[in-house]
Amino acid sequence: MKYLTGRPQAAYDVVVLGSGAGALTAAATAARAGKSVVVLEKASLLGGTSAVSGGMLWIAANHHAREAGFEDSTDTALDYVRAVSRGRGREELLAAAVTHGDTMLSFVERELGVRFLYLDNFPDYRQDLPGSVDGGRTIEPQLANIVELLGDLGEHVRSDGRAPFTMQEYEDWGAFTRFPWDELGARAESGLVAKGRALVAMLLAAAVREGAHVAVEARGERLLRDDGPAHDAGRVTGVVLATGEEIAAREAVVIGTGGFEWDRSLADSMLASRLYTMCSPPTNEGDGLRMAQRIGAQTRGTREAWWAPMSITGDTRDGKPIGTLLRFERQGPGSIMVNRHGKRFANESQNYNDLARCLQSWDSPNNTTLNTPAYVVFDEAYLERYGILSHRAGEPTPQYLAEGATLAELAGTIGVPAGNLVATVERFNAFASKGEDPDFHRGETAYDRYWGDGGNTWPNPSLAPLERGPFYAMEVVNGAFGTNGGIATDGSARVLDVDGAPIPGLYAVGNATESAYAAGYPGAGATLGPLMTMGYLAGRTIAGQPAAYEAALAGAEAAR
Ligand SMILES: Cc1cc2nc3c(=O)[nH]c(=O)nc-3n(C[C@H](O)[C@H](O)[C@H](O)COP(=O)(O)OP(=O)(O)OC[C@H]3O[C@@H](n4cnc5c(N)ncnc54)[C@H](O)[C@@H]3O)c2cc1C
């Protein structure tokens, strides 16, 4: 174990496991209330998946939207998340996440100094469901200077190596081929970071400012529990690290150890579908889930993950192969996705969680996957316009792309029926030229169009024909940002035992737990929004403070 801030202590009020956004929000909230806190991170780098994420938060009825004149209400949002969670959400968690989201946001802004930008037109992911809106619920971190915020500690925060730009800028600039790369290089030089790294840097700075100690290479392995005859027998009293070291928690242990996606055995046995790849840090191995299970915690929602279509392109994290998330590559006008039969099977522009579910379909008569592997298919004109991932037209074709002078040749290379692929593209092209997709309705919703190219010359930002060879294909499989089921909690993030009673002294947040939105993905930021809200609620509950920070403020004002 290596302390990066503070000196080793045998006991703290609060021991927090993990250093993602859930853990850090809980840590900083408790520390702000005067609790002594230690953050123990298993990896040598801080920030987990959160630090390499887009950093967006989905917060219904948030005050930024309100100030911009956008009409929203928690009731409307509740209707929406109930629909999105497909009847599998628990009302207590749905309500906690939606009702306290904006409270958490106000708290982290005012008390912890985390700064956000409001994205006014980022549409919810399911425009077809009641209560959805076409903008106003997604916010993102402002650019942050990690050197000024954290000094040398900043070097211990995970990075995805990408240039520092905001989602708002992405929207303005459009495709990567139009980015001001020189300016972005200068930003990086000056210490500016964006997205998830900015979010983690600001949360970490707040936790440290409030006195939290932070250690890396500190893997929590077991929970200590008071089994004595006292009235609080059964209370969780600390953790045992993999090194055998014990750290006592006078008031609470918070598990924020991320999902179990990197543990093959857990993933195979619990997830609803085979997970081919993921892009979180490999240290997310379900440790927290196991720790809680050992002392009788209830588990829920373990079939689910934050699913996403991904390609295997040679990307690595901590030396392990990870999946590459596909967005514009499948949503930009002029690319389509086909299955192993050379046929389209879904609206390629829909949100990644629902599209990935289509990859999971099973072809029972043939006892094989129906749509996995799938292929993103595009032509030379698409490559010239947008590039694909970091590959640009004119460069040598990377190993993850198959190439064919004609569609039939490409079909032969990837092993799909040539006749089907040619027919699929001909049919798609005929409609795409008119801006239509009667087969899968691509480009019909605000969500699809947001992710298309507003500057294209065809009638629909999501659609363009594939006409000029050579043609290319990239294999796509079912991947995930992380799993999102596990430890069951109540609406204050207290861990529940198998009978539904809270286990005293034990809290859990984030992907180590059952997602507040169950199987659903309401919009951009719908993992970080609720998990930071639960982190906030954990911190407040541990500190004996009310969930309603605004009310607390008003109360304090009145008392003066
Ligand atoms: C490319 C990408 C983009 C994304 N964009 C967004 C977005 O814009 N908005 C959004 O809402 N979501 C986004 N996500 C998903 C989001 O990042 C995750 O759902 C979220 O960060 C999970 O947070 P967490 O706090 O639960 O865990 P994590 O951030 O994964 O942190 C868990 C930490 O716990 C540590 N740990 C594990 N075991 C132990 C142990 N035994 N002891 C101590 N520490 C341990 C891990 O090493 C890790 O650092 C994205 C994900 C990816 C990969």
Counted residues, region 162-191 - those being aliphatic (A, V, I, L, M), open to solvent by less than 50 Å² (accessible area, probe 1.4 Å) and either assigned by TED's automatic domain parsing to the domain that holds Y386 or assigned to a helix (DSSP H, G or I) (or both): 2
Close pairs from region 463-481: first of a type in the set (G, A, S) and within 16 Å of the ligand (Cβ to nearest atom), partner modelled with pLDDT under 95 and open to solvent by 20 Å² or more (accessible area, probe 1.4 Å), Cβ under 7 Å, at least 6 apart: none
Out of V108, V84, sole residue that is farther than 25 Å from L45 by Cβ, surrounded by 23 or more Cβ atoms within 10 Å (Cβ to Cβ) and modelled with pLDDT of 95 or more: V84
Sole exception among (1) in the same structural domain as A524 (by TED's automatic domain parsing); (2) in contact with a Gly (Cβ under 6 Å, 6 or more places away or on another chain) for G234, by number: (2)
From A230, A215, A267, A242, residue being at pLDDT below 95 and not β-branched (V, I, T): A230
Sole exception among (1) open to solvent by 10 Å² or more (accessible area, probe 1.4 Å); (2) within 11 Å of the ligand (Cβ to nearest atom) for I255, by number: (1)
Residue match in region 302-321 (condition: assigned to a helix (DSSP H, G or I) and out of contact with any helix residue (DSSP H, G or I) (no Cβ under 7 Å at 6 or more places or on another chain)): no
Residues located in region 39-65, provided they are more than 11 Å from the ligand (Cβ to nearest atom) and either open to solvent by 10 Å² or more (accessible area, probe 1.4 Å) or outside any loop (DSSP other than H, G, I, E, B) (or both): A61, H63, H64, A65
Lone qualifier among A83, A28 - being more than 16 Å from the ligand (Cβ to nearest atom), of a type in the set (A, V, I, L, M, F, W, C) and over 24 Å from M278 (Cβ atoms): A83
Candidate set from region 77-114 (those that are assigned to a loop (DSSP other than H, G, I, E, B) and closer than 23 Å to A548 by Cβ); member that is farthest from the chain's Cα centre (by Cα): E111
Only one of I255, I247, I295 that is modelled with pLDDT of 95 or more, touching a helix residue (DSSP H, G or I) at 6+ places or on another chain (Cβ under 8 Å) and either farther than 30 Å from V477 by Cα or of a type outside the set (K, R) (or both): I255
Residue within region 127-134 that is in the same structural domain as E41 (by TED's automatic domain parsing) and closer than 28 Å to P281 by Cα present: no
Where a residue in region 373-387 is under 10 Å from A464 (Cβ atoms) and its partner, wherever it lies, is assigned to a loop (DSSP other than H, G, I, E, B) and open to solvent by 10 Å² or more (accessible area, probe 1.4 Å), with Cβ under 7 Å and at least six apart: D379/E467; D379/R468; D379/G469; A381/E467; A381/R468
Elements of type strands (runs of 3 or more DSSP E) in region 401-519, at least 2 residues being in contact with a helix residue (DSSP H, G or I) (Cβ under 8 Å, 6 or more places away or on another chain) and buried (at least 24 other Cβ atoms within 10 Å of the Cβ): 471-483, 502-508
Test: E395 is under 24 Å from N456 (Cα atoms) and among the acidic types (D, E): yes
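The values are calculated or read from the model by the stated rules, or taken from the named source; none is laboratory data. Worth saying up front: this structure is predicted, and the values here are computed from it rather than measured. Every residue, glycine among them, receives a Cβ derived from its backbone with ideal geometry; neighbour counts consider all protein chains shown. Calculation scope for accessible area: heavy atoms of the full protein, side chains included, ligands and nucleic acids excluded. Shrake-Rupley method; radii C 1.70, N 1.55, O 1.52, S 1.80 Å.
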